[in-house]
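Before any comments, here is the structure.
Every number here is computed from the coordinates shown, using simple stated rules; none is lab data. Since this is a predicted model, take the numbers as computed values, not measurements. Positions of Cβ are backbone-derived with ideal geometry, glycine not excepted, and every protein chain shown enters the neighbour counts.
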Amino acid sequence: MKLDKIAKLEGTIELITGLHIGSGNAEMHIGGTDNPVIKHPVTGQPYIPGSSLKGKVRSLMEWHAGVVAVTQGQPLGIKHLKRLNGNRKAGLTLLKLFGYAPAGGGMDREMEDLVAEISPTRLAFWDCPLDPAWVEEMDKKNLLLTETKMENMIDRIRGMAEHPRNTERVPAGARFCFRLSIKVIDGEDLLEPVLQGLKLVELAGLGGSVSRGYGKIAFKDLRLDGESVQERLASVSL
């Protein structure tokens, strides 16, 4: 097994609708929002954590591959491969891309061979900061980098709004810098399943409150080691 290179998949994530990825901040601030977005501790600017993007891509790909019933909702692991039957090839690809938790209870010879075949994890998702050019555009227009969206619940009988709350979002039109590293082992080409994962996120959305219209995104200007692969993303079949 030989590491030929580490390829770079880069591009832009553009928000079609407002995006909310929560900060997990449980503190209450007078005049603050109920649900703030996550922000960089130094710049104070919102960003998309690589872990959030990776988790969404992996989850959607596992659903698309039909392995969720076998794993009973848990992330796909090496211990599940024996029960995948017809989906075993897709399962192997997923484990190569995203890695897996160590199997408990020791490993037999077959599992040791699988570990040797799968390792190492191919993908590394990096945090996605705001595009500096977009930030500059907002500064010139004297606009904020986030918006506050008011929501409430409607009483079905009285037709009245109740329990008002506000949620912070990064507004539609915002752009983030996207970067993904792909380890290329023994000349393998795993770009196609990676693009399938990105297409699934475009279709399903990212972050919270997707069912209420949040988190519609588009990957733009995708390049693999400087060469455009945007058309390949557009032609991905699911």
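For the chain, calculate the relative contact order in percent as a whole number, restricting contacts to Cα pairs under 8 Å that are 6 or more residues apart.
Relative CO of the chain lands at 38 percent.
Name the residue farthest towards the positive end of the dipole of region 140-238 from the options LEU222, ILE182, PRO171, assuming +1 on Cβ of Lys and Arg, -1 on Cβ of Asp and Glu, about the Cα centre.
The residue sitting farthest along the positive end of the dipole is PRO171.
Work out the FRET efficiency for GLU136 and ASP4 from their Cβ-Cβ distance, taking R0 = 35 Å, and round it to the nearest 0.05.
For R0 = 35 Å, the calculated efficiency reads 0.35.
At what distance in nm do the modelled label points of ALA124 and LYS39 sit from each other, each positioned 7 Å from its Cα along Cα→Cβ?
If labels sit at ALA124 and LYS39, their model points lie 2.9 nm apart.
Please state the charge dipole magnitude for the chain, taken about the Cα centre, from unit charges on C-beta atoms (+1 on K and R, -1 on D and E), reported in debye and rounded to the nearest 20.
Around 460 debye, computed over the chain.
Of the listed peptides 45-51, 188-194, what is their order by residue-averaged count of other C-beta atoms within 10 Å, with the highest listed first?
45-51, 188-194
Note the angle between two axes, namely the Cα long axis of helix 191-204 and the longest principal axis of the Cα atoms of the chain, as a number of degrees from 0 to 90, rounded to the nearest 10.
The angle comes out near 30 degrees.
So, by mean Cβ neighbours within 10 angstrom, what's the order for 66-75, 200-209 with the highest one leading?
Averaged packing, sorted descending, gives the order 200-209, 66-75.
Pairing the Cα long axis of helix 109-118 with the longest principal axis of the chain, what angle in degrees results, from 0 to 90 and rounded to the nearest 10?
50 degrees
Efficiency by 1/(1 + (r/R0)^6): what FRET value for ASN85 and ALA172, r their Cβ-Cβ distance, R0 = 45 Å, to the nearest 0.05?
0.55
Towards the positive end of the charge dipole of the chain, with charges on Cβ (+1 Lys, Arg; -1 Asp, Glu), say which of MET160, ALA65, GLY205 has the farthest Cα.
Farthest towards the positive end: MET160.
For region 72-142, with the dipole built from +1 on Lys and Arg beta-carbon atoms and -1 on Asp and Glu ones, taken about the Cα centre, which of GLY86, TRP126, PRO75 lies farthest toward the positive end?
GLY86
Taking only Cα atoms, what is the 0 to 90° angle, nearest 10, from helix 50-65's long axis to the longest principal axis of the chain?
Orientation of helix 50-65: about 60 degrees from the principal axis.
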